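Working notes for the structure below.
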Amino acid sequence: MAATPIAVVTGASSGIGAATARQLAGAGYRVVLTARRKDRIEALAAELTEAGHQATAYALDVTDRAAVDEFATAFRSLAVLVNNAGGALGADPVATGDPDDWRRMYETNVIGTLHVTQALLPALTASGDGTVVVVSSTAGHGTYEGGAGYVAAKHGEHVLAETLRLEIVGTPVRVIEVAPGMVRTEEFATTRFRGDTEKAAKVYAGVDAPLTADDVADTITWAVTRPSHVNIDLLVVRPRAQASNTKIHRTL
């Protein structure tokens with residue numbers, strides 16, 4: 001009897017990461033949930049286990065290379081890695097942006113993705129049919145005012161995925177990039193504006209049906225479950241009301 005394929009999801013404590021873990025579990029994967037907030041991922045693992053799925057929680061900060069390397073020792077073979085951990089901080093112009101915000105965004109979005117991908121790539125290769133997913137953003141493909149720090153980080157993450165695909169071609173590992181546009185989750189905008197819920201609400205004001213975390217998770221799961229010879233290099237997904245990063249239809 002074949003072993004259940006394992007999928008690691010980073011940033012699984014909320015939003016897209018949690019939704020992706022739920023959907024991959026439903027698709028038959030044993031999911032390993034990682035995030036810094038241990039209580040959140042343990043609760044999700046319990047929820048999935050009670051629903052009849054296989055799930056394990058592992059508290060992890062992807063910016064801590066020693067911790068990531070220790071985590072990776074648990075895997076001799078791995079089917080899927082979903083690099084979802086990341087996020088945005090601030091919306092200041094370049095002239096006044098906080099370098100610490102830029103540094104933190106680069107560390108989580110780019111270096112964190114690098115740490116986990118490097119550490120788990122041997123196990124993904126050993127599986128004979130591995131998949132690396134990088135959850136980037138439409139910010140990685142076009143800029144907008146007030147977003148330079150986040151845009152720079154997401155461009156870095158996009159280039160990481162694109163370059164890795166070139167470098168490992170011929171190995172049994174796919175590299176998929178999913179770039180969501182406007183997604184309304186419980187934390188993304190609130191975190192970006194440091195808990196200012198009024199500012200966070202304005203991001204989505206008048207927008208008819210922004211994407212949900214489940215919409216993006218569905219896209220990720222679809223890409224991962226294509227036949228192994230099919231590689232979805234880049235999938236950009238936006239709500240119908242958003243034509244670009246700067247062109248959004250609002251009814252106000």
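The values are calculated or read from the model by the stated rules, or taken from the named source; none is laboratory data. Since the structure is predicted, the reported quantities are computational estimates derived from the model, not experimental observations. Cβ placement follows ideal geometry from the backbone for every residue including glycine, while neighbour counts extend to all protein chains displayed. Areas reflect the complete protein model, heavy atoms only, side chains present, ligands, DNA and RNA absent. Shrake-Rupley method; radii C 1.70, N 1.55, O 1.52, S 1.80 Å.
Quick check: is even one residue across segment 31-43 free of Cβ contacts under 8 Å to residues at least 60 places away in the same chain, under 21 Å from ILE111 (Cβ atoms) and small (Gly, Ala, Ser)? Yes, the conditions are met somewhere in segment 31-43. Applying the condition of being part of a loop (DSSP other than H, G, I, E, B) and charged (D, E, K, R) to segment 183-195 and asking which residue is nearest to GLN118 (Cα to Cα) yields GLU187. In the condition set (1) buried (at least 17 other Cβ atoms within 10 Å of the Cβ); (2) among the small types (Gly, Ala, Ser); (3) within 24 Å of ARG22 (Cβ to Cβ), ALA209 is compliant with all but (1). Return the pairs, sorted by first residue and then second, in which the second residue is modelled with pLDDT under 95 and surrounded by fewer than 24 Cβ atoms within 10 Å (Cβ to Cβ), the first residue lies in segment 5-16 and is within 15 Å of PHE71 (Cα to Cα), the beta carbons are less than 9 Å apart, and the residues are 6+ apart or on different chains. Between residues of segment 5-16 that are within 15 Å of PHE71 (Cα to Cα) and residues that are modelled with pLDDT under 95 and surrounded by fewer than 24 Cβ atoms within 10 Å (Cβ to Cβ), the close pairs are GLY11/GLY87. Only helices (runs of 4 or more DSSP H) whose full extent lies in segment 83-182 are considered here, and the ones with at least 2 residues that are charged (D, E, K, R) and open to solvent by less than 50 Å² (accessible area, probe 1.4 Å) are 148-167. If the condition is being touching a Gly at 6+ places or on another chain (Cβ under 8 Å) and surrounded by 24 or more Cβ atoms within 10 Å (Cβ to Cβ), then segment 1-11 contributes VAL9, THR10, GLY11.
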